[in-house]
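Notes to accompany the following structure.
The numbers here are math on the coordinates, done by the rules we state, and not lab data. Treat the numbers as computed from the prediction; the structure is a model and nothing was measured. All Cβ positions, even for glycine, are placed from backbone atoms using ideal geometry, and neighbour counts span all protein chains on display.
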Amino acid sequence: MSSEFSRLIMGVWRIGDWAMRPAEVADLIEACLDLGIDTFDLADIYNGYQCEAMFGAALATRPALKPRLKLISKCGIALVTPARPQHRVKHYNTSRAHIIASAEHSLQAIGVEQLDLLLIHRPDPLMDADEVAEAFAALKQAGKVKAFGVSNFLPHQFELLQSRLAEPLVANQIEISLLHTAPLFDGSLDLAQRQRTMPQAWSPLGGGRLSSTPAESALGRVLQRLGDELHATPEQLAIAWLLRHPARIHPVVGSGKLQRIRELVAAQNLALDRQQWFELLEAAMGREMP
Amino acid sequence: MSSEFSRLIMGVWRIGDWAMRPAEVADLIEACLDLGIDTFDLADIYNGYQCEAMFGAALATRPALKPRLKLISKCGIALVTPARPQHRVKHYNTSRAHIIASAEHSLQAIGVEQLDLLLIHRPDPLMDADEVAEAFAALKQAGKVKAFGVSNFLPHQFELLQSRLAEPLVANQIEISLLHTAPLFDGSLDLAQRQRTMPQAWSPLGGGRLSSTPAESALGRVLQRLGDELHATPEQLAIAWLLRHPARIHPVVGSGKLQRIRELVAAQNLALDRQQWFELLEAAMGREMP
Amino acid sequence: MSSEFSRLIMGVWRIGDWAMRPAEVADLIEACLDLGIDTFDLADIYNGYQCEAMFGAALATRPALKPRLKLISKCGIALVTPARPQHRVKHYNTSRAHIIASAEHSLQAIGVEQLDLLLIHRPDPLMDADEVAEAFAALKQAGKVKAFGVSNFLPHQFELLQSRLAEPLVANQIEISLLHTAPLFDGSLDLAQRQRTMPQAWSPLGGGRLSSTPAESALGRVLQRLGDELHATPEQLAIAWLLRHPARIHPVVGSGKLQRIRELVAAQNLALDRQQWFELLEAAMGREMP
């Protein structure tokens, strides 16, 4: 297994909405692999803590797929949900015991022996970085997780955890899109580039808001014009805009529709030049660069 | 003298309001020692520049207490007050000469030969870090101050000063409480944990505002419920909430009433679990974690 | 040529407004040198991309001045202007090719063989720090630029670029003045002092707004009173206020009027004490220090 993740990552968090039988999910996974997407993004809490078991059920119908996949999971958020009746309040848990138990539960639910990447899902104000380091070391030592990263961490949170680890954190999965440009300016992407950490972009299409961008808005007009020039959909432009960034952003795309995934894969061939990139940014922000 | 400060620190800034004779203050100091509080927090400017002399007058009535105490003082703020007629405007002074003169004045006023910890009281926009380093080195060399720290410093201010010092800053005394949660998120506690610097919390009870939290507010309700469950006062919960943080926060409690101090000392035995901690945080912030 | 720049830097960005013939500009340059100002600040884009050619035309009338000058230029901004018809949108360009081409164009326009300092004009969200490092190395190697810096960079942007360079960035030219005090508090000057980077202050007089500060405002009153005490103009006080800072701020003054430059040069002899400095700061901010 190479140390590289595919540039586009398939997000599985909406698996409960796909309304597919396990074998159909397996078809979708195989189709993604054929399109060059070999990395799948899960988390303990997705779909009411059922996402990993549903993904595992799909893999169980076609076990030969397993060695072809790279699997990301996450832990650290505790939701109030019928599946966890002991939770009274939404909270975070980055204790050693919880991280290890959650990762082991993910492996069992998915039906594999190793995660390629385990992320701490949210910066926990109660994080004891030494405990997290112990949990990571134990999971690595046991062969249960290959590499570690974080999600939604700001630079100072990233640097705290990194300071206790022998190996570099390999990823920070954050919200970045034309509809959420803050990480371009708040230091997140600067630190990622500096540390050569992989930024992964969740909601790269603004959680669906991109599709509903009014045609007469500044962004709508630029998307229309560039789309005409480059023969591209707004979604393709939004993905190409992320891919153009020098920090090597890996968008997490989360559709259950193969045709849509194919469209987004094709966006990898769309090369935006600097002016096109800035036209999109300035239209999205509603102001010129200073 | 051990290098450890007691987990609770006795704040002496309100000594002028205690309305006690020196021998009564000495009684209070001795009672604190018997309760395990051996660290006392002073500053040149407290009580109109009179706090240290009043504390010193108390010690003079019972000199045997002196070797049992650990003393913190601060310098760097210049107040407009009749005691300093040369001050026209509130300002900061972190010049070499001022730091040394202020520390020497503190020693004389308290009547001891060494401070255990000297803090720069506020980040001074005119701070010349090399000058501060010279002052610290001179005071250390002369045996007048054992260790150094800061107060109210943000991470970038801390890192500037640290960059010029041969030894680590040992403390940053900042405002942290259920009524001031910013340091959990702005990098202050992350840097403290990363550098293993002791955070000291001033106004750990919100400067009295905790006691007046309306019973029907979100925070009031959680304090009531947890208080009932754990047989604890709101003040005890607020201290236990600080003590639960992995950065090892040292609350500075500032009461002249022994019964109240006893209550807060007892909060050290109150173990909040993660959910209780987050219930308090979310009620205090008025929103769920993301 | 010494490695030091004069403490005051002559800003040439308004050269188009000076309404001077080349020989008159040469007179002004020579007069600045006689006043001890040997450093001149230009940029590719100033005056509709014509500033450097106009400055070069002046030097062409008196080539003996050239070896006495230290020259700063900048690149990285792309303006929409008739002089650059290919630009559809204001954008930034920190590609290797653009940096090298822009610096070479600056040399040709000015008519010199080396820039003393080349700055990246704005933090570019598309900056590939490795590419910038390659451009800097190529320009240095070719003897075309002696040293490198940035402008308007926040600390995280500065640290990203620095992480890829073999030599320290020597300057960050940012807006600092009594009318723009943010860099005193946002970490910019702390990082400059920590890294011993030269801060250069653009608009040190608030872009003319200082002169129109109402006499009855808090700042107006302090400027009046201190001006009377110290026999100084508001502009001189504003420059002296910058010079007092320990980070060794180098103000970029941009007048075409020799008398005015003489006045500002004289401000270097004006020593503000701490209270005067804080009186100005607090009046400018409209509040006391905490």
- Place a +1 charge on the Cβ of each Lys and Arg in the protein assembly as shown and a -1 charge on the Cβ of each Asp and Glu, then give the dipole magnitude about the Cα centre in debye, rounded to the nearest 20. 20
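How do C:217-226, A:209-218, C:37-46 rank on mean C-beta neighbours within 10 Å, highest first?
Packing order, densest peptide first, comes out as C:37-46, C:217-226, A:209-218.
Where both partners of a DSSP beta bridge lie in chain C, what percent of those bridges are antiparallel, to the nearest 5?
Antiparallel: roughly 15 percent of the beta bridges in chain C.
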- Message: I'd like to compare C:87-97, A:120-130: which one has the highest average count of other Cβ atoms within 10 Å, and what's the full order after that?
- Response: A:120-130, C:87-97
- Message: Run the count for region B:68-168, please: Lys pairs, Cα-Cα under 24 angstrom, 8 or more apart or on different chains.
- Response: 7
- Query: Considering the alpha-carbon set of the protein assembly as shown alone, what are its Rg and its Dmax in angstrom?
  - Reply: 30.9, 88
- Determine the distance separating the Cα centre of region C:231-266 from the Cα centre of region A:244-277; give it in Å without decimals. 51
- For region B:9-169, with +1 on Lys and Arg beta carbons and -1 on Asp and Glu, the positive-most of B:93, B:158, B:135 along the dipole: B:93
- Amide N proximity, region A:71-109 versus residue A:138 label position 7 Å along Cα-to-Cβ, cut-off under 11 Å: A:95-104
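Beta carbons within 10 angstrom, averaged per residue: use that to sort the peptides A:149-157, A:161-169, B:272-280, highest first.
Numbers: A:149-157: 22.1, A:161-169: 15.7, B:272-280: 19.6.
Per-residue Cβ counts within 10 Å, averaged per peptide and sorted highest first, yield A:149-157, B:272-280, A:161-169.
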- Item | Highest-MSF residue in chain C out of C:112, C:170, C:80 [GNM, Cα springs under 10 Å] | C:80
- Message: Quick check: the distance between the Cα centres of region C:177-207 and region B:15-92, to the nearest angstrom?
- Response: 37
- Message: Place a point 7 Å from the Cα of residue A:88 along the Cα-to-Cβ direction; which residues of region B:224-246 have their backbone N under 19 Å from it?
- Response: B:224-245
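Calculate the mean, over all residues of peptide A:85-92, of how many other protein chain Cβ atoms lie within 10 angstrom of the residue's Cβ. Present the calculation step by step, with values, prior to reporting the outcome.
Numbers: counts 0, 1, 1, 4, 13, 7, 11, 5.
That average works out to 5.
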- Query: What is the average number of partner chain Cβ atoms found within 10 Å of a Cβ in B:186-196?
  - Reply: 5
- Note on the structure: Spelling it out for residue A:148: with amide H atoms placed in the peptide plane at 1.01 Å from N, the residues 5 or more places away or on another chain with amide H under 5 Å from its amide H are A:118, A:170
- Task: Determine the dipole magnitude for region C:69-193: charges of +1 sit on the beta-carbon of Lys and Arg, -1 on that of Asp and Glu, nothing else is charged, the reference point is the Cα centre, and the result goes in debye to the nearest 20.
- Result: 440
- Task: Would you mind computing, in nm to one decimal, how far apart the modelled labels at residue A:209 and residue B:212 are, each placed 7 Å from Cα along Cα→Cβ?
- Result: 3.9
- Other chains near C:156-165: what is the mean number of their Cβ atoms within 10 Å of each residue's Cβ? 4
- Query: If you put +1 on each Lys and Arg Cβ and -1 on each Asp and Glu Cβ, how big is the dipole of chain B around its Cα centre, in Debye rounded to 20?
  - Reply: 320
